[in-house]
Amino acid sequence: MLLDSTKTYCRLYEKVSVPVHLIAGSDDQIVDTEEHSARLHRELGGSDFRRIPGCGHMVHHAAPDEVLAAIAELGRARAVKRLARQAIASTAS
């Protein structure tokens, strides 16, 4: 069932228009990081991918600072885009 869903959704990757940050452990024994996270990063095109050395499957527990940094980065990028839109709108009016 999961494989069927994956095949369906991978055709939609090109339509993803939101920022995507992928974080995976280099020593994950449950999911192959190269086969899944790195491949997804390549297929999405515009994503950010961080492979955390020495970390396993539970990255959010083992490296919470990395996860928080990625979330903060998304917030900063969103704020910059919002400010740019506001600047363009104010010069247009």
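What residue, among those in region 7-52 that are more than 17 Å from the chain's Cα centre (by Cα) and not acidic (Asp, Glu), is least open to solvent (accessible area, probe 1.4 Å)?
Ranking the candidates gives Thr8 first.
So which residues in region 22-37 are in a helix (DSSP H, G or I) and touching a Leu at 6+ places or on another chain (Cβ under 8 Å)?
Passing the criteria: only Ser37.
Residue under question is Gly45, and the condition is that it be at pLDDT below 95 and on the phi > 0 side of the Ramachandran plot; does it hold?
yes
Of all residues in region 42-93, how many are closer than 30 Å to Val31 by Cα and among the small types (Gly, Ala, Ser)?
Total satisfying the criteria: 12.
The values are calculated or read from the model by the stated rules, or taken from the named source; none is laboratory data. All values derive from a computational prediction rather than experimental measurement. A quick note on method: Cβ atoms are made from the backbone with ideal geometry, for glycine too, and the neighbour counts reach across all protein chains shown. Note: accessible area is taken over every heavy atom of the protein model, side chains too, but ligands, DNA and RNA are not part of it. Shrake-Rupley method; radii C 1.70, N 1.55, O 1.52, S 1.80 Å.
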